[in-house]
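Peer 1: Quick one: this structure, given as structure tokens, is what I'll be asking you about.
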Amino acid sequence: MALVVDNETIQIECYPLGPFGTNSYILRCLKTGDSVVVDAPGDAPTVLERLQSTNPKYILMTHNHMDHTGALAELKSILKVPIAAHAADAASLPVPADMLLADGEALKVGNIGLSILHTPGHTPGSLCFYTEGYLISGDTLFPDGPGKTGSPSAFRQIVESLQQKIFVLPDDTRVFPGHGDHTTLGKEKQAFEAFAARPHDPNLCGDVLWTM
């Protein structure tokens, strides 16, 4: 993957990097050239090369798992821009966060506004980033299911996050997850509604699919 969004205002590039093929995203405002990196899984030279014609402003972290942070120290050292994460995950990053992001806040990347959505469940500090029509979902939402959860309470938490923060967004929102292919919110909402209508083990957690 490379260029996944290209319109008159924004470009979004996606690069599966690192040993687990974790998606790193570069969002660029086409009016100003300002850019932001979302997650730093590995292969810093690839990210740096794609940023050369832009003005990097932030490195945004969806969460603190090691498959998303492998290149964080190198990118921070070279770019010298703030690392931003949620307080609940920031302490476990390999490099200290410079900014703590909270639910409902917004960041400006040139003329692009990014809404901060705190979506705990996969980790306590999981974040999603939304700009009109596009959602960077980290490991909160994938095609056909939510992110992996380590306990029944965490699974209930991620479902609550999806219901309260994500599924209220427009159905035509394109979803760009931390691994694999993108999807649309309408497709995932419909699949979740069918899932929720069926009985399930109260101890359900782990890798859950909406088709279960």
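The values are calculated or read from the model by the stated rules, or taken from the named source; none is laboratory data. Please read all numbers here as calculations on a predicted model, not as lab measurements. For neighbour counting, all protein chains shown are included, and Cβ atoms are generated from backbone atoms with ideal geometry for every residue, glycine included. When the accessible area is computed, the model is the full protein with side chains, heavy atoms only, and any ligands, DNA or RNA have been set aside. Shrake-Rupley method; radii C 1.70, N 1.55, O 1.52, S 1.80 Å.
Peer 1: By the gyration tensor of its Cα atoms, with a ≥ b ≥ c the square roots of the eigenvalues, what is the shape of the range 79-147: rounded for a/c under 1.5, prolate for a/b over b/c, or oblate?
Peer 2: Details: a/c = 1.89, a/b = 1.08, b/c = 1.75.
Because a/c hits 1.5 or more and a/b fails to exceed b/c, the range 79-147 counts as oblate.
Peer 1: Rounded to the nearest 20 Debye, what is the dipole magnitude of the chain about its Cα centre when Lys and Arg each give +1 and Asp and Glu each give -1 at the C-beta?
Peer 2: Working: 14 positive and 24 negative charges, 56 e Å.
It works out to roughly 260 debye.
Peer 1: So, counting K/R as plus one and D/E as minus one, what does the shell of residues with Cβ under 11 Å around P170 add up to?
Peer 2: That works out to -1.
Peer 1: How much of H179 can a 1.4 Å solvent probe reach, expressed as accessible area in Å² and rounded to 10?
Peer 2: H179 has an accessible surface of roughly 50 Å² with all protein chains in place.
Peer 1: Could you work out the relative contact order of the range 70-149, using alpha carbon pairs under 8 angstrom and six or more residues apart, expressed as a whole percent?
Peer 2: That works out to 19 percent.
Peer 1: Please report the equivalent ellipsoid semi-axes of the chain, computed as sqrt(5 x eigenvalue) of the Cα gyration tensor, largest first, in whole Å.
Peer 2: 28, 19, 15
Peer 1: Further question: Ordering M66, M212, M61 by how much accessible area each has at a 1.4 Å probe, largest first, what is the list?
Peer 2: Numbers: M66 125, M212 95, M61 0 Å².
The ranking, largest first, comes out as M66, M212, M61.
Peer 1: Can you give the longest stretch of the chain with no exposed loop site, where a site means trypsin sites (Lys or Arg not before Pro) in a DSSP loop (not H, G, I, E or B) with at most 12 other C-beta atoms within 10 Å?
Peer 2: 81-212
Peer 1: How compact and how long is the range 129-212, expressed as Rg and Dmax of its alpha-carbon atoms in Å?
Peer 2: Looking at the range 129-212, its Cα Rg and Dmax stand at 12.0, 36 Å.
Peer 1: Let me ask you something else. Could you pull out the pairs from K108/K148; K76/K187; K80/K108 whose alpha carbons sit more than 27 Å apart here? Can you show the working numbers first?
Peer 2: Details: K108/K148 30 Å; K76/K187 36 Å; K80/K108 18 Å.
Cα-Cα > 27 Å for K108/K148; K76/K187; rest within.
Peer 1: Could you give P(r) for the range 1-85, binned at 5 Å from zero, as whole percent values over all Cα-Cα pairs?
Peer 2: 3, 16, 29, 27, 17, 6, 1
Peer 1: Scanning the chain for helices, which whole DSSP H stretches are 20 Å or more long along the axis (Cα) and average 1.0 or more by Kyte-Doolittle?
Peer 2: Flagged H segments: there are none.
Peer 1: Within 12 Å, Cβ to Cβ, of T32, how many net charges do the neighbouring residues add up to if Lys/Arg are +1 and Asp/Glu are -1?
Peer 2: Once all neighbours under 12 Å are counted, the net charge is +3.
Peer 1: Using helices alone, what [θ] at 222 nm do you get for the chain, with -39,500 (n - 2.57) per DSSP H run of 4 or more residues, divided over all residues and rounded to the nearest 500?
Peer 2: Computed mean residue ellipticity for the chain: -5500 deg cm²/dmol.
Peer 1: If you bin the C-alpha pair distances of the range 44-98 every 10 Å from 0, what whole percents do you get?
Peer 2: Here the calculated profile for the range 44-98 is 25, 56, 19, 1.
Peer 1: Suppose each label sits 7 Å from its Cα in the direction of the beta carbon; what would the L204-Q52 distance come out to in nanometres?
Peer 2: 4.9 nm
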